[in-house]
Structures are given as structure tokens and as C-alpha cells.
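To start, the structure under review is shown below, and the notes come after it.
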Amino acid sequence: PQMQNLVAYVEQGHPTLIFDDPVPVYGGGRGMQNAPRQEKPRQGGMFGQAPPPEPKADGGQLTSLLNVLQIAWDNGEVVFDYDTPHPRFADAVRPELIFVSSKKGVRDAFSKESEITNGLQEMLLFFSGTVVPLKKSDVTFTPLLRTGASNSGLIPWEDLVQSDPFFGMQLQQNPRQRKDEYAHVIAARIQTSPEAVKDAGAAKINAIFVSDVDVVSDDIFGIAQQQLFNLKIDNIKFVLNCVDSLCGEQDFIG
């Protein structure tokens, strides 16, 4: 029921920062139980007689909100990217751990058009999704974070995640991959276009959609604060810039 309230809030033009994720893996993989394609955990009950889980809004597909934002996002697609600015990690980490980096030679890995990302150097994302604008829309869609184009693609949920009766949800080691010849947008700023603002009946959108919740998880926070593995990542700066920009606060972004 709260989805209706969220959609109404967004339609009214309130600043909104949205994190969603096809495969949230925070907490050593425990986040997978909250994946959009998973049922909500059963609550209460005794002797194995727990009531059925509450249905998810839009079946977990976020349809009503996506329609308002005029974007498309598939909760069953996970991005991979083999290109990394750190050769020492090339064979040591999975390609679903994505480095968004200005050092990879990727054009507009960080958008230079946005105050949020202009000047950021590197971010680390875990098992993220991808978002695209609808072909016919009256919103301004500004990509903020992109993967590389030549060595990236998508993995279907059912090939990446499988259920084990003893160990729960498990990530598969060699899932089927579909390589693409284009970059994938992981996060985007979505605003009602200046032309549409003149229409009194149009929704006034002021939102940022990030298709990865692990971007600011405890694990990432630890890596950023302690510079583990000699990584200097800008994940926390990115999230703080998103908040400040949405709220019109410019003092700290620079």
C-alpha cells in the first residue's frame, strides 16, 4: 500500500533519491533475501504455520513508479564489466564487481554535465542493474554512472542466483553472460523537461535512480573509510552529492 504514497510523492516534484538493486549482496550476501524477485519473509506463526508473505507492490517490478519516472529497469538483469583500472584485480574479482572510473578511458563514466559526478574519480559497485529512458518521454534523463562499452553486458537473474535448500540463495560462479556493444547506465538524474513544466497537468519530477543499494552499504563504507586494498573510492561523496543536489544545497558539492 505504501507504493501509492511514494508514487504520489514523486509526482508532486518532491526531491527523491531511489536505490534499487536486482541482487543486493550487502552483509556478506545476506541482502539477497531482499532482492525484488524474492518473496517477502514470512512473519509470525508457530510450529511452521506462518501466514503467507505479503505480496510486493507491482510484483517487485516497480512498474507504477517507473511509469511516473518514464524509465525502464529490469529487476532480473545484472550488469557485468570485465574492464578494470586495477590489473591486479582482473582475475581475482568477479566481473559483477564494477569499477566506474575515469581512468578506464570510458567516455562519460562519470557525467561531466552533472554537478553530482563532475570531478569524481572512481566508484565500486556490486551486482548492480541498469536503467534506460523510455523512447517517448517528456523528462530529462541525465546518465550519472556508466560501465564500459566494449567488455560489458548483462546476466539473467535465474543464471546468477540459485536457491539451495540448506544454504539459501547462492551466487553461481560461471553464469551465462550476454555481452553488449554499448555502455550501461547504472544511475541517472530524472527531471521534468522545461517544456513539460509549462503543462499544469504534468508531473514535476525531481529524482535520482540508482540501480545498486550496495553502493553505500557497510561493506563499501569500510572500504572507502579505510582505503582497503589501496582503493580510494568516491561512493560516499556520490551519495552525499545526490542528496545535496536534489535539495538545492550547493555549498558542499564543490
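Being closer than 18 Å to Phe19 by Cβ and either of a type in the set (Val, Ile, Thr) or crowded, with 16+ Cβ neighbours inside 10 Å (or both) is a description that applies to Ser211. Scanning the stretch 85-119 for residues that are closer than 22 Å to Leu240 by Cβ and open to solvent by less than 30 Å² (accessible area, probe 1.4 Å) yields Ile98, Phe99, Val100, Ser101, Ala109, Phe110, Ser111, Ser114, Ile116, Thr117. Out of the residues in the stretch 129-180 that are outside any helix (DSSP H, G or I) and aromatic (Phe, Trp, Tyr), state the one that is most open to solvent (accessible area, probe 1.4 Å). Once the filter is applied, the top-ranked residue is Phe166.
Of the residues making up the stretch 162-186, those that are at pLDDT 90 or above and aliphatic (A, V, I, L, M) are Ala183, Val185, Ile186.
Results for (1) under 21 Å from the mean Cα position of the chain (by Cα); (2) farther than 23 Å from Lys237 by Cα; (3) not in a loop (DSSP other than H, G, I, E, B), shown as yes or no for each residue.
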residue	(1), (2), (3)
Gln33	yes, yes, yes
Pro53	no, yes, no
Asn75	yes, yes, no
Phe99	yes, no, yes
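Would you be able to say whether some residue in the stretch 187-208 is open to solvent by less than 20 Å² (accessible area, probe 1.4 Å), assigned to a loop (DSSP other than H, G, I, E, B) and modelled with pLDDT of 90 or more? Within the stretch 187-208 (the criterion being open to solvent by less than 20 Å² (accessible area, probe 1.4 Å), assigned to a loop (DSSP other than H, G, I, E, B) and modelled with pLDDT of 90 or more), the answer is yes, since at least one residue qualifies. Can you confirm whether Phe221 is open to solvent by 20 Å² or more (accessible area, probe 1.4 Å) and either more than 16 Å from Phe110 (Cβ to Cβ) or not β-branched (Val, Ile, Thr) (or both)? Yes: the conditions hold for Phe221.
The values are calculated or read from the model by the stated rules, or taken from the named source; none is laboratory data. This one's a predicted model, so the numbers in the text were calculated from it and none came from an experiment. Virtual Cβ from ideal backbone geometry, glycine too; neighbours counted across all protein chains shown. Note: accessible area is taken over every heavy atom of the protein model, side chains too, but ligands, DNA and RNA are not part of it. Shrake-Rupley method; radii C 1.70, N 1.55, O 1.52, S 1.80 Å.
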